[in-house]
1. Which whole-Hz ³J(HN,Hα) couplings does segment 112-127 yield from phi under the Karplus relation 6.51 cos²θ - 1.76 cosθ + 1.60, θ = phi - 60°, glycine and proline marked x?
2. In Å, what is the Rg of the alpha-carbon atoms in segment 2-277, and how long is Dmax?
3. Note down, for segment 80-143, the three equivalent ellipsoid semi-axes (square root of 5 times each alpha carbon gyration tensor eigenvalue), biggest first, whole angstrom.
4. Between ILE126 and ASP215, what length in nm is gained on full extension when 0.36 nm per residue of separation is reduced by their alpha carbon distance?
5. Report for segment 2-277 the percent antiparallel among DSSP-assigned beta bridges with both residues inside it, nearest 5.
6. Using the charge dipole of segment 2-277 (Lys, Arg: +1 at Cβ; Asp, Glu: -1 at Cβ; taken about the Cα centre), state which of SER216, ILE66, PHE47 has its Cα farthest towards the positive end.
7. In the chain, with Lys and Arg counted as +1 and Asp and Glu as -1 at Cβ, which of these residues, LEU175, GLY12, HIS162, has the Cα nearest the positive end of the dipole, that is, farthest along it?
8. Calculate the FRET efficiency for ASN27 and ASN260 from the Cβ-Cβ distance with a Förster distance of 51 Å, rounded to the nearest 0.05.
Amino acid sequence: MIIWIASYPKSGNTWVRSLLSAYLYSNSGIFNFDLLQKIQQFPSALFLEPFLKDFNDPKKVSNYWIPSQDKINLDNNNVFLKTHSALCTFENNSFTNKRNTKAAIYIVRDPRNVITSLSHHNSLSILDALDFLTDSNQMTVRNEWGGKEFGIATVLGSWSDHLKSWRNIKFAPILIVRYEDLINDIKKTFMSILNFLSNLMEIKIDEKKIMNTIDSCRFDVLSNKEEKEGFIESVTHKEKGGKLKFFNLGKKNDWKNLLNPVIEKKIRQTFKKEMEELGYI
């Protein structure tokens, strides 16, 4: 069954995916970019091509959310999948269901830092990134964001819509992970993820392997690795061309230094309830 690694875009999904792929799919726990292929994105052409060819139409894509997941689960093994989709119903189609979902890990990030990361990663102005975050009808389509990150029409909603959709899941256990906790105490936060998973599947807790995973997945290490080796999931700048750095700012992405007070106030007012609940304000 599927264990979802879900998040709004630019919230740390690839970081958690790196940690899990290194620990679960290598002998040593040491990360390399090839291991990310063990945790694929959904929806993607890999899973939908048997059913359709038009990946730009969200209605057509949503028609095959469940059939493609049924196919994934035919062998009844645990499968980790990354998604940026909201846990929604679209055109009467549910994104997933109890039959296909074993659990979910949801990564959330202060929206004030999401907006600055979105702005960089997708060559958007801060105002355009703000519109993106607050649009309840938001979705992405094929190649709109460089092709790799969103290869298939993906239903997002606003930042708060997305958060609430997953947080309120009724048919499977969920662990909420704050990006900021990964920044502040990566070992404690990663251990909480492993402990959560140990209730769902057999996981051997190996201290040396855990430290290898953490040391090889620290943000600065991943950033340096991308600098030397490149990263297939990085996107191309819309206007200037050339690859934008994926592991770019990390803990340096401080909204206090990057957002003007008017924009910050707008975000705080729009998402006040959720930000208070998460301890961001």
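Derivation of every value follows stated rules applied to the coordinates shown; laboratory data play no part. If you're wondering where the values come from, they're calculated on a predicted model, not measured in any experiment. A quick note on method: Cβ atoms are made from the backbone with ideal geometry, for glycine too, and the neighbour counts reach across all protein chains shown.
1. 5, 8, 4, 5, 6, 5, 4, 4, 5, 5, 10, 6, 10, 6, 4, 5
2. For segment 2-277, the Cα-based Rg and Dmax read 18.0, 52 Å.
3. 26, 15, 11
4. Full extension from ILE126 to ASP215 adds 28.7 nm.
5. Looking only at bridges with both residues in segment 2-277, the antiparallel portion is about 20 percent.
6. Among SER216, ILE66, PHE47, the one farthest towards the positive end of the dipole of segment 2-277 is SER216.
7. Of the options given, the answer is LEU175.
8. Efficiency, from the Cβ-Cβ distance: 0.55.
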